[in-house]
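> Just dropping this structure here.
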Amino acid sequence: MTTDDWRDALDPTALRDVLTASRWQRIDVVAETGSTNADLIARAAAGENVDGAVLVADHQTAGRGRNGRSWSAVPGAQISMSVGVSTDGIPSTAWGWIPLVTGLAVLDAVGPVAGVEAGLKWPNDVLARPPAQGKLAGILAEVAAPAAAVVIGIGLNVSLRADELPDPGATSLAMLGARPIDRRDVIVAVLDGLERRIDGLRGAQGADAALIAEYTAHSLTIGARVRATMPGDREIVGDAKNVDEQGRLCIDTGTETVVVSAGDIVHLRPIGDADTG
């Protein structure tokens with residue numbers, strides 16, 4: 001199997017067959033769309049219950065990231081997917097953990113399925129572990145109104161080559177030496193991991209000590225010295241100490257501990273490193 005074979009069109013029937021017993025019962029695969037997140041949010045706004053809905057695009061032309069960033073993917077070279085998750089049973093104070101557990105679900109897939117070592121940059125990126133470099137995946141969680149649901153977008157670079165990267169700070173499974181894979185297997189592993197972790201948030205009524213410890217073990221941010229850029233170009237510089245029960249990053253500046261949420265921050269960089277997203 002070559003990396004070009006990794007770009008074969010996804011078969012929605014095959015995905016549905018594998019996920020028959022899961023919570024993901026409405027699985028749609030489209031050849032092209034602007035943004036899978038925008039499409040699912042529009043469906044929710046029109047009155048559809050999007051809990052358990054999965055929308056995958058072979059080609060996403062106007063993908064959305066944090067702070068209004070956008071990008072266009074190479075057809076078939078990424079996993080561009082959005083899922084709907086009901087917030088029932090998840091306290092609103094724990095919603096900040098939804099993108100964080102999604103990152104853990106991506107790690108559930110890229111390691112066992114593709115054989116690639118990766119870690120998590122708070123709040124929404126999956127990065128290659130050093131000595132490799134680069135952003136492998138991005139996550140965007142948005143509240144869908146009027147439904148009590150969150151739409152989670154996942155963009156994972158699979159077979160992109162160096163000349164196809166959206167920016168020089170990105171990488172892909174292929175560039176990191178992944179074993180030959182079918183994108184379907186990665187999607188299934190991500191969805192399985194996400195289902196289990198969302199169930200865990202509900203069962204524990206938020207993030208328990210075990211989840212916080214697991215996230216900390218995979219974090220590339222906690223323990224690093226960081227520079228957080230806030231709205232209005234205000235900067236916080238200090239040591240990233242931990243993530244709290246609300247999914248917020250706690251930064252020790254030396255004189256105080258500042259707690260920031262994903263919605264508060266514009267950029268977060270390890271000091272001395274280039275911005276990776």
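> Tell me, what ³J(HN,Hα) does each residue in the range 31-42 have, in order and in whole Hz, if you take phi through Karplus 6.51 cos²θ - 1.76 cosθ + 1.60 with θ = phi - 60° and put x for Gly and Pro?
For the range 31-42, the Karplus-derived couplings read 5, 7, 7, x, 8, 5, 4, 4, 5, 5, 5, 5 Hz, x marking Gly and Pro.
> Still on this structure, please answer the following. Once you charge only the Cβ atoms, +1 for Lys and Arg and -1 for Asp and Glu, what is the size of the charge dipole of the range 119-277 about its Cα centre, to the nearest 20 debye?
Details: 16 positive and 22 negative charges, 62 e Å.
Charge dipole, the range 119-277, about its Cα centre: 300 debye, nearest 20.
> Hey, another quick one. Taking the full set of protein chains and a 1.4 angstrom probe, give the accessible area of residue 143 in square angstrom, rounded to the nearest 10.
Its accessible surface works out to 90 Å², give or take rounding.
> How high is the relative contact order of the chain, given as a whole-number percent (alpha carbon pairs under 8 Å, six or more residues apart)?
The value is 18 percent.
> Taking a 1.4 Å probe, which of 179, 196, 248 shows the most accessible area, and what order do the others take after it?
Result, largest first: 196, 179, 248.
> Report relative contact order for the range 24-146 in percent, whole number only (criteria: Cα-Cα under 8 Å, sequence separation at least 6).
Relative contact order comes out at 22 percent.
> Here's a follow-up. Ordering 92, 80 by how much accessible area each has at a 1.4 Å probe, largest first, what is the list?
Working: 92 85, 80 5 Å².
The most accessible residue leads, giving 92, 80.
> Keeping the other protein chains in place, figure out the carbon and sulfur percent of the accessible area of the chain, with a 1.4 Å probe.
Carbon and sulfur together cover 50 percent of it.
> How high is the relative contact order of the range 176-268? Use alpha-carbon pairs under 8 Å, at least six apart in sequence, and give a whole percent.
Reported as a whole number, the value is 19 percent.
> How big is the accessible area of residue 241 in square angstrom, nearest 10, if you roll a 1.4 angstrom probe over the protein chains?
110
> For the range 32-150, report the accessible area per residue in Å² (1.4 Å probe, heavy atoms, rounded to an integer).
33
> Write down the percent of antiparallel bridges among all DSSP beta bridges whose residues are both part of the chain, to the nearest 5. Intermediate values should be presented prior to the final figure.
Details: 47 of 56 bridges.
Percentage antiparallel, nearest 5: 85.
> Excluding residue 126 itself, what net charge comes from residues whose Cβ is under 12 Å from its Cβ, given Lys and Arg +1 and Asp and Glu -1?
On the way: positive: 121, 129, 135; negative: 108, 117, 125.
Residues near residue 126 contribute 0 overall.
> What residue among 109, 206, 220 has its Cα farthest toward the positive end of the dipole of the chain, where the charges are +1 on Lys, Arg and -1 on Asp, Glu, each on the Cβ?
So the residue we want is 220.
> Another question, then. Summing -39500 (n - 2.57) over the DSSP H runs of n ≥ 4 in the chain and dividing by its residue number, what mean residue ellipticity at 222 nm do you reach, to the nearest 500 deg cm²/dmol?
-7000 deg cm²/dmol
The values are calculated or read from the model by the stated rules, or taken from the named source; none is laboratory data. Just so it is clear, the model here is predicted, and its values are computed rather than measured. A quick note on method: Cβ atoms are made from the backbone with ideal geometry, for glycine too, and the neighbour counts reach across all protein chains shown. To get the accessible areas, we keep the full protein, side chains included, count just its heavy atoms, and leave off ligands, DNA and RNA. Shrake-Rupley method; radii C 1.70, N 1.55, O 1.52, S 1.80 Å.
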